[in-house]
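K.L.:
Dumping the structure here so I can ask a few things about it.
The values are calculated or read from the model by the stated rules, or taken from the named source; none is laboratory data. Model, not experiment: these values are computed from the prediction. Cβ atoms come from the backbone with ideal geometry, glycine included; neighbour counts cover every protein chain shown. Accessible surface areas use protein heavy atoms only, side chains included; no ligands, DNA or RNA. Shrake-Rupley method; radii C 1.70, N 1.55, O 1.52, S 1.80 Å.
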Amino acid sequence: PLDDVTNRLKKRIFDIVFSTLIIILVLSWLIPLVSLLIFIESGLPIFFLQERTGKDTKPFSCFKFRSMKVNKDANLRQASKNDDRITKIGSYLRKLNIDEFPQFINVFLGDMSVVGPRPHMLKHTDDYSEKINHYMVRQFMKPGITGWAQVHGFRGETKTIEEMEARVEHDLWYMENWSLWLDMRIIFLTFYNMIRGEKNAF
């Protein structure tokens, strides 16, 4: 569906409107509050900028609230359960998905979409592209803050190649069946899961 220019325009307009509302109504007070909490516990920096793979494999700087101690493995290792790099404040931010909220700035800037395949670290893109068939097809569209895979439980750490294959299958299904209604459904399910709590949120 997103081969159609009109559909791409609809998705971009939705992204701009939605991200603008979040920036004005949520980030305007959330950034000062979370920044203070992070600073009190572990100082600067407040934000964690990581190079991730974007549309057409173009790297971009993905914004997050810093939820870990500054460490040399940040661009190599996924967060895992009981990860000793995660700060006390960071554990709450990650559990509630609040650490991802600055990515609405990425959406507004055009690097990301509200809904789409999650952007991976550059190293993981290189690794999985050699191990999983059709993996790079997911790079034909902008990555998202949330996605079809995430609302079906495929989020967080991927311990096995089978888990990543399942995530990719969901991403490809989303790309082949995109609609604005599907995007709104995924956003609703994302907020529902945030409230309910997710076992893979750590």
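K.L.:
Among R85, R52, R138, which one shows the highest mean-square fluctuation when the chain is modelled as a Gaussian network with alpha-carbon springs under 10 Å?
P.N.:
R85
K.L.:
How large a share of the accessible area of the chain, in percent, is made up of carbon and sulfur atoms when the probe is 1.4 Å and the other protein chains stay in place? Can you show the working numbers first?
P.N.:
Working: 6840 of 10960 Å².
Percent of accessible area from carbon and sulfur atoms in the chain: 62.
K.L.:
Give me the extension gain from T6 to E163: residue separation times 0.36 nm, minus the current Cα-Cα distance, reported in nm with one decimal. Display every interim value, and only then the final one.
P.N.:
On the way: separation 157, 0.36 × 157 = 56.52 nm, distance 3.37 nm.
Taking 0.36 nm per residue and subtracting the Cα distance, the gain is 53.1 nm.
K.L.:
I've got another one for you. Would you indicate which of [x] 16.3, 48; [y] 30.2, 127; [z] 23.0, 91 is the value of Rg and Dmax of the Cα atoms in Å derived from the coordinates of this structure?
P.N.:
Working out Rg and Dmax of the Cα atoms in Å from the coordinates points to [x].
K.L.:
Show the residues, 5+ positions off or on another chain, whose built amide H is closer than 5 Å to the amide H of E51.
P.N.:
C62
K.L.:
With θ taken as phi - 60° and the coefficients 6.51, -1.76 and 1.60, list the Karplus ³J(HN,Hα) couplings across the range 46-56 in order, rounded to whole Hz; mark glycine and proline as x.
P.N.:
In residue order, the calculated couplings are 7, 9, 10, 9, 10, 6, 10, 7, x, 4, 6 Hz.
K.L.:
I'd like to compare 40-50, 177-187: which one has the highest average count of other Cβ atoms within 10 Å, and what's the full order after that? Could you put the intermediate results ahead of the total?
P.N.:
Details: 40-50: 13.6, 177-187: 15.5.
Per-residue mean Cβ counts within 10 Å order the peptides as 177-187, 40-50.
K.L.:
Amide H of G147 versus every other amide H placed in the peptide plane: which residues, excluding those fewer than 5 positions away on the same chain, fall under 5 Å?
P.N.:
HN-HN under 5 Å from G147: G116.
K.L.:
Using a 1.4 angstrom probe, figure out how much accessible area the chain has per residue, in square angstrom, rounded to the nearest whole. Please list the in-between numbers first.
P.N.:
Working: 10960 Å² over 202 residues.
On a per-residue basis, the chain sits at 54 Å².
K.L.:
Next up: Anything over 18 Å Cα to Cα? Flag those among K58/K123; K123/K159; K55/K95; K81/K131, in the order listed. Walk me through the numbers on the way to the answer.
P.N.:
Details: K58/K123 13 Å; K123/K159 15 Å; K55/K95 27 Å; K81/K131 25 Å.
Among K58/K123; K123/K159; K55/K95; K81/K131, the Cα-Cα distance tops 18 Å for K55/K95; K81/K131.
K.L.:
Ignoring ligands, DNA and RNA, how do K95, K88, K64, K142 rank by accessible area with a 1.4 Å probe, largest first?
P.N.:
These residues rank, largest area first, as K88, K95, K142, K64.
K.L.:
Quick one: if you stick a label point 7 Å off each Cα along the C-beta vector at I46 and K131, how many nm between them?
P.N.:
For I46 paired with K131, the spin-label model returns 3.7 nm.
K.L.:
Pull up the cross-link candidates among the aspartates and glutamates for K72, meaning alpha carbon to alpha carbon under 20 Å and not fewer than 8 places away within one chain.
P.N.:
E41, E51, D83, D84, D99, D126, D127, E157
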